[in-house]
Amino acid sequence: MTDQQAGSVANTPASEPTNEAVKKAGRAGRNLPAAIAVGVGLGGSVIAILLFAPKVWVGVVAAAMAVATHEVVRRLREGGYSVPVVPLLIGGQAMVWLTWPFGAAGALGGFGGTVVLCLIWRLLSGGLSAAPANYTRDVSVTIFLAAWMPLFGAFGVLLIYPPDGAGRVFCLMLGVVASDIGGYTAGVLFGKHPMVPAISPKKSWEGLAGSLVLGIVVSVLAVRFLLDKPAWVGVPLGIMLVITGTLGDLVESQVKRDLGIKDMGTLLPGHGGLMDRIDSVLPSAVATWIVLTLLA
């Protein structure tokens, strides 16, 4: 249930959901009409960019990383963490944009520079006369964020530069969407055995099986017809996308559980914040770049 949904049923006992809430939310707990509308809008925008202006993808990813970083940092600050947001945002942009002239080396250099800058920034945050409190905790979280969002996002940008770059990004997106649809459908229809109930109670082993089946099938077709590569390349790609997509979702679920929150933000109706929508895409971008770089 999103924050918006929670507000609409605040005066209703938890055991007796309103008819309106039942209609809007499926077994997966989403506001389905809003989620579908937002998903179609985002998907249509991505398709248009990749078909007609693929290099715009770099700017889209850069903007998304800035928004997602801001969402997560705000939540962490609410939880008592002191994260140096300015160098993290600047360094995140460097990781993404430096891929344009320098490729993977640019992303790596941007990441290293961001880490150094954040270490110094947090060290001097209290002035020269005072030692910062919780320094190790805060810089560890900051380095985690630098890798989790902008560095992983930079791998999504690296996909667009080869001649068949738009097709590579399509392989990423189609595989992630197929995994999500397969898992959601199988989970709703057949889900009986929770996979990780302590982290995400709604995920089931049946859902994971559905993700694997549809994720692999779609990845095989995408690799064959969008990239004109051997169909077998889609098998490891599909498996990796399902694994990384599922783990990416679980990682964010655990972070939110640690912080005691439902969503990272409220930017996207039916989905929560932007980070709630791209949590599975980010590690999947890394997997896609690795598989297609080594095998295709």
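The values are calculated or read from the model by the stated rules, or taken from the named source; none is laboratory data. Note that this is a predicted model, so its numbers are computed, not measured. Ideal geometry is used to build each Cβ from the backbone, glycine not excepted, and the neighbour counts take in all protein chains shown. These accessible areas exclude ligands, DNA and RNA; they are computed on the full protein's heavy atoms, side chains included. Shrake-Rupley method; radii C 1.70, N 1.55, O 1.52, S 1.80 Å.
Summary of values
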| read-out | value |
| --- | --- |
| Hits in segment 222-278 (condition: acidic (Asp, Glu) and more than 30 Å from GLU78 (Cβ to Cβ)) | ASP228 |
| Count - residues of segment 279-291 that are assigned to a helix (DSSP H, G or I) and either within 15 Å of the chain's Cα centre (by Cα) or not assigned by the TED database to the domain that holds ALA231 (or both) | 8 |
| Whichever residue in segment 55-102 is surrounded by fewer than 16 Cβ atoms within 10 Å (Cβ to Cβ) and under 20 Å from CYS171 (Cα atoms) and, among such residues, is nearest to the chain's Cα centre (by Cα) | GLY59 |
| Count - residues of segment 234-246 that are crowded, with 21+ Cβ neighbours inside 10 Å and of a type outside the set (Gly, Ala, Ser) | 5 |
| Which numbered condition VAL217 misses (of (1) under 17 Å from the mean Cα position of the chain (by Cα); (2) surrounded by fewer than 23 Cβ atoms within 10 Å (Cβ to Cβ)) | (1) |
| In segment 135-180, the residues that are outside any helix (DSSP H, G or I) and charged (D, E, K, R) | ASP164 |
| Unmet criterion (only one of (1) over 19 Å from the mean Cα position of the chain (by Cα); (2) in a helix (DSSP H, G or I); (3) surrounded by fewer than 21 Cβ atoms within 10 Å (Cβ to Cβ)) for VAL223 | (3) |
| Qualifying residue in segment 264-278 (condition: open to solvent by less than 40 Å² (accessible area, probe 1.4 Å) and free of Cβ contacts under 8 Å to residues at least 60 places away in the same chain) | yes |
| Members of segment 181-204 found to be part of a helix (DSSP H, G or I), open to solvent by less than 60 Å² (accessible area, probe 1.4 Å) and either of a type in the set (A, V, I, L, M, F, W, C) or under 17 Å from ASP228 (Cα atoms) (or both), listed by number | ALA186, VAL188 |
| Subset tally (residues that are out of contact with any Asp or Glu (no Cβ under 6 Å at 6 or more places or on another chain) and closer than 16 Å to TYR81 by Cβ) for segment 109-136 | 11 |
| Of all residues making up segment 230-274, the number that are farther than 19 Å from MET149 by Cβ and either assigned to a helix (DSSP H, G or I) or touching a strand residue (DSSP E or B) at 6+ places or on another chain (Cβ under 6 Å) (or both) | 13 |
| Residue check, VAL38 outside the structural domain of ASP138 (by the TED database), at pLDDT below 95 and buried (at least 16 other Cβ atoms within 10 Å of the Cβ) | yes |
| Residue within segment 91-112 that is part of a helix (DSSP H, G or I), touching a His at 6+ places or on another chain (Cβ under 8 Å) and either outside the structural domain of ASP279 (by the TED database) or free of Cβ contacts under 8 Å to residues at least 12 places away in the same chain (or both) present | no |
| Residue count, segment 253-270 (criterion: touching a Leu at 6+ places or on another chain (Cβ under 9 Å), closer than 18 Å to TYR81 by Cα and not hydrophobic (A, V, I, L, M, F, W, C)) | 1 |
| Failed criterion for TRP289 (all others in (1) out of contact with any Gly (no Cβ under 9 Å at 6 or more places or on another chain); (2) within 16 Å of PHE152 (Cα to Cα) hold) | (1) |
| Condition broken by SER211, with the remaining ones in (1) in a helix (DSSP H, G or I); (2) closer than 26 Å to VAL60 by Cα satisfied | (2) |
| Hits in segment 116-144 (condition: buried (at least 16 other Cβ atoms within 10 Å of the Cβ) and more than 18 Å from LEU76 (Cα to Cα)) | LEU117 |
| Some residue of segment 276-292 being on the phi > 0 side of the Ramachandran plot and in contact with a helix residue (DSSP H, G or I) (Cβ under 9 Å, 6 or more places away or on another chain) | no |
